[in-house]
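Reviewing the structure listed below.
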Ligand code: DGP
């Protein structure tokens, strides 16, 4: 995967160069509403450090940064009132997952029943998947 680009959209949001609807901010993380919500509540939680994806983050971030991001994910869900009804978290890494913005972001989705975990996620009749890479 390419190196971190300081001019990606979320880097600009972190620097305040682009607007966002902030939910929560800590020393390590920033949470804001997704511009194209896929559920009644759809918020993104991002680390303040320059990490391309979950792979980069888990390989290179400090223990404090990792704890700080995940603490912020839980705090954001509580702040949004999603705990009782339930919510889903998701982070897309790379091509197969359709990652579009190359600054790690954890999606928090909730506010309605979310259905099955993956579209087209039914197990094939023979119980096996064909890998495409
Ligand atoms: P992903 O496919 O996991 O890389 O999701 C990228 C998400 O980022 C997608 O749900 C839409 C959201 N997004 C893209 N551009 C902006 C933006 O400028 N502002 C906000 N708030 N969200 C954005």
Inset, instruction - With no solvent and one equal point scatterer per Cα, compute the Debye intensity ratio I(q)/I(0) for the stretch 42-81 at 0.14, 0.25, 0.26 Å⁻¹ and report its log10, rounded to two decimals. - result: -0.31, -0.84, -0.88
Legend entry - Estimated [θ] at 222 nm from DSSP helical runs (n ≥ 4, -39500 (n - 2.57)) normalised by residues in the chain, nearest 500: -6500 deg cm²/dmol
Legend entry - Most mobile of 60, 36, 92 in a GNM of the chain (Cα contacts under 10 Å): 36
Legend entry - Three principal axis lengths of the chain [C-alpha, angstrom, descending]: 49, 37, 28
Inset, instruction - Compute the Kirkwood hydrodynamic radius of the stretch 20-89, taking the inverse of the mean of 1/r over all pairs of distinct Cα atoms, and give it in Å to one decimal. - result: 12.6 Å
Inset, instruction - Kindly put 95, 33, 42 in sequence by how many other C-beta atoms sit within 10 Å of each C-beta, fewest to most. - result: 95, 33, 42
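Taken together, the values in this text are just the output of simple stated rules run on the coordinates, not laboratory data. Please read all numbers here as calculations on a predicted model, not as lab measurements. Every residue, glycine among them, receives a Cβ derived from its backbone with ideal geometry; neighbour counts consider all protein chains shown.
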